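Working notes, structure below.
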Amino acid sequence: MTSATDVAVVGGGITGLAAAWELAGPRGGHRPVRVTVLEAGAHLGGRIDTLDLGGRPVDAGADAFIARVPDAVALCQELGVGEQLVAPAATTALIWSRGELRRLPEDTVLGVPTRLRTLAASKVVSVAGLARASLDLVLPADTSTDDRSIAALVDHRLGREIRERLSLAATAPQLDAARCEHRSLLRGLRPAERAPTGAPTPVFLTLPGGPGQLVQTLCGALAGRGVELRTAAPVEKIERDDGRWRLRTPQGMVTADAVVLALPSFVAADLLATQLPAAASDLDAIEHASVVLATFAYPAAAVSVPPGVSGFLVPRVEGRLMTACTFLSAKWPHRERPGQTVVRVSAGRWGDDRALHLGDEELVRRLRAELDDALGITASPDAVVVGRWPRAFPQYEVGHLERVARIRAVVARQPGLAVAGASYGGVGIPACIGQGRRAARDVLDHLAVAAQR
């Protein structure tokens, strides 16, 4: 009988679990792979988790995933739960602008307006802001090939204030293509807004039990494939010795022929500091923003939610602690609580860690005040729960693609080593699943070549 090859996956978030699923899949005539997942925390799934809100579970992180990136849908189908996927019942997002909730302009792509008429009708920007945006129609074409921040591009073309420091090429390739191919950003984005023919495709999907159901189903399927899932097993050191990888954990040493590091970049940096100092330096340079979520269960009569509205966004320029609000009961009526309306409030963004440093009581007090101001709520919530995600969301700064390319080039020179996760190329659930599976395939390719030597 052919001996098995050992692969360790470090990190039990959705990226690591997806990598394990790919590694443990059917191998045909190849040598079987024995997979061990090592998760430092007490639960699997990473930021996909649930909290207790008044005796019932509520999503602690993402409540859905984007549908047009196919990896999550494909995984659900492989696990036999694809038919259970549901779309949100409410999909319209408002914006808190200049002291009140307003509807976003209908003609937008990635938040960028494509028609001045609808932008003016929304009253989201002032008359002066509207006049500045109109200059985009007469400014010369911009064909530079240099990477830049989204803010630099949009400020130049439209004068809009959006989040600084995000890499244009990594985060919004549609914007990059539009400004190269068209003189006007307003006109260049119009083709992207046109709806396809046929039935509309949902933008977001989830399972009846939320993304946590995906994690539970996947973990069950992994166990069925013989994958060993270890929690409370942080990897303290990794080194290459005698042709194999050695990973030190509190429970003892784990040896493997290949390793997938499905970790935040700053955690991977600590592990690789001795082995790969150049890669570790680049890994540690990827910045991350922190987010805090407060979820409230109000008496149903206390909250008036506009029909079809899923929530609202709060731009940085408003100076509020709150960054977004989601009406979970309206968005996902299949998880409705009789007699209650569930509202989730987000706080924290790049450069603003105020919420992270507030105690729960003060955080809830301040977010309630802002929520009451926006929605006119006078009643007290029946229950509230706070979830904190420090250094959770990577920031794709200008030059991010080049940094990741350097990291991958160094890592690729190490036999059977791969990195994957939100820090590198996509923060959503589908992007993380795709990265995990691609990293697993890279490792399998290495093992196949090594077996022929």
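The values are calculated or read from the model by the stated rules, or taken from the named source; none is laboratory data. All figures in this text were calculated on a predicted structure; none of them were measured in a lab. We place every Cβ from the backbone using ideal geometry, glycine too, and count neighbours over all the protein chains shown.
Values as computed for the structure displayed
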{"read-out": "Per-region count, the stretch 203-242, residues of a type in the set (Asp, Glu) and more than 30 Å from Thr274 (Cβ to Cβ)", "value": "0"}
{"read-out": "Residues of the stretch 242-272 that turn out to be aliphatic (A, V, I, L, M) and either part of a helix (DSSP H, G or I) or modelled with pLDDT under 95 (or both), as a count", "value": "5"}
{"read-out": "Positions within the stretch 416-453 being among the small types (Gly, Ala, Ser) and assigned to a helix (DSSP H, G or I), in sequence order", "value": "Ala422, Ser423, Gly425, Ala431, Gly434, Gly436, Ala439, Ala440, Ala448, Ala450, Ala451"}
{"read-out": "Residue check, Arg365 part of a helix (DSSP H, G or I), surrounded by fewer than 19 Cβ atoms within 10 Å (Cβ to Cβ) and in the same structural domain as Tyr298 (by TED's automatic domain parsing)", "value": "yes"}
{"read-out": "Filter result (farther than 21 Å from Phe312 by Cβ and either touching a Pro at 6+ places or on another chain (Cβ under 9 Å) or not aliphatic (A, V, I, L, M) (or both)) within the stretch 367-393", "value": "Ser380, Asp382, Arg388, Pro390, Arg391, Ala392"}
{"read-out": "Any chance Leu356 is part of a helix (DSSP H, G or I), under 30 Å from Asp284 (Cβ atoms) and within 18 Å of the chain's Cα centre (by Cα)", "value": "no"}
{"read-out": "Conditions (1) farther than 25 Å from Leu205 by Cα; (2) touching a helix residue (DSSP H, G or I) at 6+ places or on another chain (Cβ under 7 Å); (3) surrounded by fewer than 24 Cβ atoms within 10 Å (Cβ to Cβ): number failed by Val33", "value": "(3)"}
{"read-out": "Selected residue (only one of Val384, Val404, Val345 is in contact with a helix residue (DSSP H, G or I) (Cβ under 6 Å, 6 or more places away or on another chain), surrounded by 15 or more Cβ atoms within 10 Å (Cβ to Cβ) and either assigned by TED's automatic domain parsing to the domain that holds Ile14 or more than 21 Å from Gly61 (Cβ to Cβ) (or both))", "value": "Val404"}
{"read-out": "One residue from Ala439, Ala392, Ala420 being under 16 Å from the mean Cα position of the chain (by Cα) and modelled with pLDDT of 95 or more", "value": "Ala420"}
{"read-out": "Single residue of Leu53, Leu75 found to be under 23 Å from Val259 (Cβ atoms), crowded, with 18+ Cβ neighbours inside 10 Å and touching a residue at least 40 places away in the same chain (Cβ under 8 Å)", "value": "Leu75"}
{"read-out": "Exclusive hit being modelled with pLDDT of 60 or more, out of contact with any Lys or Arg (no Cβ under 6 Å at 6 or more places or on another chain), surrounded by fewer than 15 Cβ atoms within 10 Å (Cβ to Cβ) and of a type outside the set (A, V, I, L, M, F, W, C), set Thr201, Thr206", "value": "Thr201"}
{"read-out": "Ala347 being in contact with a strand residue (DSSP E or B) (Cβ under 7 Å, 6 or more places away or on another chain) and closer than 29 Å to Leu207 by Cα", "value": "yes"}
{"read-out": "Number of the condition not met by Val305 [criteria: (1) among the hydrophobic types (A, V, I, L, M, F, W, C); (2) touching a helix residue (DSSP H, G or I) at 6+ places or on another chain (Cβ under 7 Å); (3) not in a loop (DSSP other than H, G, I, E, B)]", "value": "(3)"}
